[in-house]
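What follows is a short report on a single structure.
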């Protein structure tokens with residue numbers, strides 16, 4: 001396979017703690033609809049991967065299972081060392097709030113509220129005082145390059161800036177896992193490329209990130225690519241980075 005190396009099995013862990021562990025996961029809905037069929041997936045701490053597939057492939061259902069927004073019909077799910085099946089709905093909500101950050105295509109920012117307070121909302125259930133939440137929100141916005149937009153409202157921000165605010169909100173609590181669902185879907189190509197570079201920067205800083213996408217070009221540009229079709233993982237590959245072209249020297253540089 002050009003540009004990719006097939007991984008042995010489907011676990012993909014290369015050392016480090018296991019953040020996501022799925023074994024034999026199925027998801028069935030009323031009416032006989034099967035969205036996932038025996039999915040095995042392991043994500044190690046510090047990975048950056050794409051979960052890619054066309055509409056109806058099951059990737060959104062997989063996002064909901066990994067993000068603990070839904071439970072599987074059969075199979076086991078472990079997130080950040082916790083067995084999802086052993087948790088009550090209340091404890092599962094607490095696990096999600098503490099260990100999983102979400103970034104969505106539609107941003108989901110609160111209108112009329114500053115960027116800082118939108119980000120601070122990500123710490124609402126942390127038990128921290130409001131002043132501490134707002135300070136950490138400001139630090140997270142600086143981390144994503146928006147230190148000069150703390151008091152801007154969503155309507156005063158570009159699409160790319162709104163997505164950066166959403167990413168800051170997702171990472172402000174230092175979650176074990178960041179799930180980015182079509183993070184560039186509502187952006188122009190330049191803003192989308194900038195958001196993907198930000199996710200790479202966060203990964204280099206240690207964040208574990210899964211990008212759920214239908215965009216094969218985005219998937220091919222990430223270190224690991226998990227392809228899903230008809231509810232099954234059909235490929236799990238390591239992508240070989242494209243060589244960096246040499247920098248030309250001369251006048252004007």
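Descriptive notes on the structure:
- Gain upon complete extension [residue 94, residue 132; 0.36 nm per residue less C-alpha separation]: 11.7 nm
- Shape category assigned to the stretch 121-253 from the gyration tensor of Cα positions, a/c cut at 1.5: oblate
- Highest mean packing comes first when the peptides 163-176, 200-213, 26-39 are listed by Cβ atoms within 10 Å, giving 163-176, 200-213, 26-39.
- Multiplying the residue separation of residue 156 and residue 200 by 0.36 nm and removing their Cα-Cα distance gives an extension gain of 13.2 nm.
- Relative contact order (percent, whole number), the stretch 4-238, Cα cutoff 8 Å, 6+ residue spacing: 30 percent
- Label-point separation in nm, residue 108 to residue 34, each point 7 Å along Cα→Cβ: 3.0 nm
- Cα gyration tensor category, rounded, prolate or oblate, for the stretch 113-185 with a/c compared to 1.5: oblate
- Which label in [x] 16.2; [y] 13.4; [z] 17.9 gives the computed mean projected area of the Cα convex hull in nm²: [x]
Laboratory data are not the source of any read-out in this text; all were calculated from the coordinates shown. Note that the structure is predicted; figures quoted are calculated from it, not measured. Neighbour counts are summed over all protein chains in view; Cβ atoms, including those assigned to glycine, are modelled from backbone coordinates with ideal geometry.
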